[in-house]
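For reference, the structure is listed below as structure tokens.
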Amino acid sequence: MAPMPLRINRRRACTALGMALASSSGLRAQAPERAHIGFVSWFTSADPGQLEPLREGLRELGWVEGRNLRLDAQFTGGDLARTREVLTAFVRQPVDLIVARATNAAHAAKEATATIPVVMLVSDPLATGLVRSLARPEANLTGLSLQGPDLAGKRLEYLRALMPAVRRVAFLGAASDPNVANFVRETQAAAAGLGVELQTRLLPRPQAPDEGLFRELAAQGVGALLVQPIYTGHHETIVAQARRHRIAVISNYEVFARAGALLTYGPDDAALTRRAAWFADRLLRGARPGDLPVEQPSRFRLVINRATARALGLSLPPEMLVHADQVIG
Amino acid sequence: MTSWRVGSLFRKYLLAFLAVVAVPLLAYGALASWQQFREHRATLAELQRLQAEAGAQRIAQFFDEIALQLAWATHLPLPAEGAEDAHRLDAARVLRQLPAVTDLVVADAVGQERVHLSRVSLNRSGRLGDRSADPAFTAARRYGVYYSPVEFRRDSEPYMRIAVAGRRRDDAVVIAEVNLKHVREVISGIRVQPKGLAWLTDRQRRLIAHPDMSLVLRNTRVPDALAGEGYVGRVTEGLQGGPVIASRVAITEPGWFLHVELPRREADAALHATLWRAGWITLLGLALALVVGVALSRRMVGPIRRLHAGAEVLGAGDLRHRIDIRTGDELQDLGAQFNAMAERLQASYERLEQKVAERTRQLAEANDAKSRFIAAASHDLRQPLHALHLLVAQWRGETDPEERVRLAGAVADALGHLDALFGGILDLTRLDAGAIAPNRTVLAVQPLLDRVAATWATPAADRGLRLRVVPSRAWVCSDPQWLARILHNLVSNALRYTRRGRVLVGARRRGGMLWLEVHDTGVGIPPAERERIFQEFYRVRAAGGSQGEGLGLGLSIVERLGNLLGHPVEVLSQPGRGSCFRVGVPLTPPVPDATPPGELEPDLPAPADKLAHHLVLVVDADARVREATAGLLDQWGCSVVAAAGLPQAMQALGSLEPELLVLDVADGVDAALADVQALRHRCSREVPAVLVSGDVTIQLVARNGIVLLHKPVAPMSLRAACSRLLDTALTPEEAAATPTA
């Protein structure tokens, strides 16, 4: 296996006596007195869940805002120009670390700097070309893969289990998102396997769709809408409008289910966001991004909104109750 | 430098003390530390072994639980084909129980996959495929449980498959895909001491689970140093570098190894704290020992330094200095000794100074006396010489034979006076030079008194004085010759200073001594002069007293002879009424056979006719003395050959052989003796010789026919000596052959 440069450097730097000192607690000893983190999210600021767990995680690791941490949080709402602007400002300052949320933001960060470490929270960094290897990211990027598209089929399967009668579903995605193609492909494959007709509706960028879209989907007999998680932040609008047209909404993150979506299935977003704090901590203490493999989620949560199901006239089959991690309402 | 040496003594004391304290202290400290270190490590290793075994137990438990759940699923009867949905619910329940399992496959007894549940992909059921050749199926069928090798999906995440077969032949086989990231929770839950950690490897040394997930996701391979079948408490380099104490135990079921490691620094932190403490205590002990050592050495060396300084001051001559040491031990004694020594030195120094002052005074006095002596002697010698000059001049011009005879008698008187003067001076000089050795013997007093009476009766009568000698039968121990001299001098002195009345000589016993007393009715001596009457040439100048013919040497000789013989000499006197001189002589019992003192008389004149016709050689460098001596010998009837030195003597003698040698001792007695030997050699016989010396310190015992006389030599003394030598030298044959006159 390849030697770890960090270890070698340390071995060179330390005398025999100092080795013990530098071994495990050594990383902590290298922690800077103050850290400046630039947080940029492709989403709107509507969902506090995309930042708060990070803040908590940092606090647990000893990074407290106002004391030794300055956390610049910027939400660009899918505006690429604005995102680049924010990142340019980060690089100019410069910040010690960038946390980029969503694939577009991560790409923009990668373009903006090759030196400042970037912690990303993205759907599939391997597929979208952010990194070439999960085990060794090799660039200044590392972080968490949310495995968004992977579960597209699974969500459709669970939808079918709840709505055995559904024949036509639609996928709502943002055309500007690099993941959208994967989402569409995975969902289409699953739809084909399940014998469901899939319609794809792509908006130029993640924004609240207007009433006309739902009216049109309802007119076409679409029973359910699969929403790309990139629409987090607009979830309440989407869920509210879908409800009005009796269209079931399914998506990745629990936040949708809480807003009234029928079901969500995906990684535990809060836990992953919290985990990003661990990456930030390690990088601030001097670890190289290339030495920190990109982590994939190993736990997925199925959250079912019973109230929504009831409103849609659906009953919850026993198998779904077994699968469900949480049933709301 | 002296202080350097003292300093080294201080260092020696200090080092010795430190060695005595420090060596055992350090040795004990080192031993105790080593012991503690070993015990600590042993305890640590044991603890680590227990923790590793407990950890391995938990890992095994984790897999046991999965296997147990899967085994439960195998017992569920598989429904007919196409009706698997009911079974799916059961399988879903199993899946729900096992969060680490991502996919669950149920195969029937012949290996047909019937149900496939997944957390990621679509669930399926029905005839899904043939699994009969799958190693998971075959191995599970054979062994009951199967654990696949670990596989890293997408090169990052560790996965493995666990398959469990039912006990009965027609039971299903359940295969589960396990995401091993979940083992991390178990691994992180294993508490390894406060700062240690545990991790898992498979047989290929690949890291499977570690609290730091990134190490696993990076597919870390464990270095060889950490491999092996299992060990406890090994000190090695840890997985992330740095020395650690590691243990490794095997987990038989999946065939993995659980490692526990503790950074050595953490492991030894408590030990280090203890050792530091022990070190500090040791250092403290050493410092204390140093302080005590310095103090003790100071106490030891301080007094020695003071002794040293004191000795230096004393050595420099300040004897009044005293050393002050109050240590109450041997050093204080030593200081006291120094002080006592200094005191004694000071005392003897003072005594010495006194003695020097005394001696200086004595020397000055002696010098004064000598000056006085020379002045007096020259005056006293001039008087008879002056008289001689006048008499000789008168004699030359005198034609009357009678008057010439009278003048010759007066010349002889003057010469006798001179001779007596020289005799006195000679005696005095010999006494002062210590040249006289007393020859003590036992003798009767009466013969001595008889001689006094015989000698002095006439002179006393001439002066109109009565001399009375009281007889005595006592015997005393003394030198007869010198005792007689004392008595004669006292009598002479008494006669000289008495104008009328009498002189009484007697003996009186008192205090074991016989006091020979000479009383007179003379002028007496004033008390102030009593000390000085014994000085040379001192004469009491009594009113109207005659200076007479006294030399002033008599009493000096008496005093010196008294000192020499150990006889006290006393004087009692009343000015104008008389004096009493007395000398104390030790009494002895009478000795009937003792030699009569009269026969010891030294200056018995020898028969004069012995000298006639003998050939005498006179050698003297002084022409006048040579001629006078030759003339005198010629007058005595000798044939004389005179020479100035030995070579001239040899020449003058020619073939003649002298019968007597008269040699002047000019260059020391040894040279004179050598000359005698040379002449004797020439004559081939022991020719008798008379040596005449002017140096009174030269002494020679008369033997071997050689006699030493001191100048001035009275003609009678020379004649006596020559006669005696010739008499004894002549053998009977020679005597017979010698023609008699």
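We did not get these values from a lab; they are worked out from the coordinates using the rules stated. Keep in mind it's a predicted model, so treat the numbers as computed, not measured. Don't worry about glycine lacking a Cβ; one is built from the backbone with ideal geometry, like all the others, and counts go over all protein chains shown.
Quick look at the numbers
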| item | result |
| --- | --- |
| Helical mean residue ellipticity (222 nm; -39500 (n - 2.57) per DSSP H run of 4+; nearest 500) of chain A | -11500 deg cm²/dmol |
| Per-residue ³J(HN,Hα) for region A:174-189, Karplus 6.51 cos²θ - 1.76 cosθ + 1.60, θ = phi - 60°, Hz, x for Gly and Pro | 9, 5, 7, 7, x, 7, 4, 5, 4, 4, 4, 5, 4, 5, 5, 4 |
| Per-residue ³J(HN,Hα) for region B:666-674, Karplus 6.51 cos²θ - 1.76 cosθ + 1.60, θ = phi - 60°, Hz, x for Gly and Pro | 9, 10, x, 5, 5, 4, 5, 5, 5 |
| Values of log10 I(q)/I(0), in the order q = 0.17 Å⁻¹, for region A:176-329 under a Debye, Cα-only, solvent-free model | -1.09 |
| Shape of region B:621-662, Cα gyration tensor, a/c cut at 1.5 | oblate |
| Alpha carbon convex hull of region A:206-280, volume per residue in cubic angstrom | 80 Å³ |
| Peptide-level mean, for B:208-219, of C-beta atoms on other protein chains within 10 Å | 4 |
| C-alpha long axis of helix B:85-97 to longest principal axis of chain B, angle in ° | 20 degrees |
| All-pairs Cα distance distribution in region B:362-415, expressed in whole percent, bin size 10 Å | 24, 33, 19, 15, 8, 2 |
| Using distinct alpha-carbon pairs, which all enter the 1/r mean, Kirkwood radius of the protein assembly as shown in Å | 44.6 Å |
| Against the rule of thumb 2.2 N^0.38 Å, how large the Cα Rg of region B:329-464 comes out | 2.02 |
| Computed helical MRE - 222 nm, chain B, DSSP H runs ≥ 4 contributing -39500 (n - 2.57), nearest 500 | -17000 deg cm²/dmol |
| Shielding by other protein chains, A:128-134, mean Cβ within 10 Å | 2 |
| Residues with amide H under 5 Å from that of residue A:46, placed H, sequence gap 5 or more | none |
| Semi-axes of the equivalent ellipsoid for region B:151-190, Cα gyration tensor, largest first, Å | 27, 15, 5 |
| Sorted peptide list for A:75-84, B:409-418, criterion being average Cβ within 10 angstrom, highest first | A:75-84, B:409-418 |
| Euclidean distance of C-alpha centroids, region A:57-129 and region B:143-196, integer Å | 36 Å |
| Shielding score for B:143-154, defined as the mean number of other chain Cβ atoms within 10 Å | 1 |
| Rg over Rh, two decimals, chain A (C-alpha only, Kirkwood Rh) | 1.03 |
| Alpha-carbon centroid distance for the pair region B:438-505 / region B:73-87, whole angstrom | 180 Å |
| Ranked by how many other beta carbons lie within 10 Å on average, peptides A:224-232, B:175-183, A:119-127 from highest | A:224-232, A:119-127, B:175-183 |
| Region B:33-184: mean projected area of Cα convex hull, nm² | 11.4 nm² |
| Amide H partners (placed H, <5 Å) of residue A:120, local residues excluded | A:100, A:142, A:143, A:144 |
| Reciprocal of mean inverse Cα separation for region B:210-339 (Kirkwood radius, Å) | 21.4 Å |
| Theoretical FRET efficiency, 1/(1+(r/R0)^6), r = Cβ-Cβ of residue A:237 and residue B:75, R0 30 Å, to 0.05 | 0.05 |
| Ellipsoid semi-axes in whole angstrom, largest first, where each is sqrt(5λ) of the Cα gyration tensor of region B:625-689 | 18, 15, 11 |
| For region A:286-329, projected area of the alpha-carbon convex hull averaged over all directions, nm² | 5.1 nm² |
| Spherically averaged projected area of region B:250-297 from its Cα convex hull (nm²) | 4.6 nm² |
| Quotient of C-alpha Rg and 2.2 N^0.38 Å, computed over chain B | 2.60 |
| Calculated from backbone phi, Karplus (6.51, -1.76, 1.60) coupling profile of region A:307-319 in Hz, x at Gly/Pro | 4, 4, 4, 5, 5, 7, x, 10, 9, 9, x, x, 4 |
| Region B:451-467 residues near the modelled residue B:716 label - backbone nitrogen below 16 Å, point 7 Å along Cα→Cβ | B:452, B:454-459 |
| Fraction in percent of alpha-carbon pairs per bin - 5 Å, region B:449-500 | 4, 18, 28, 25, 14, 8, 3 |
| Debye intensity ratio in log₁₀ form over the Cα atoms of region A:50-126, taken at each q of 0.12, 0.20 Å⁻¹ | -0.33, -0.92 |
| Binned Cα-Cα distance frequencies in region A:250-329 - 10 Å width, integer % | 18, 38, 21, 15, 8, 1 |
| Long-range amide H partners of residue B:613 with built H, under 5 Å | B:638, B:639 |
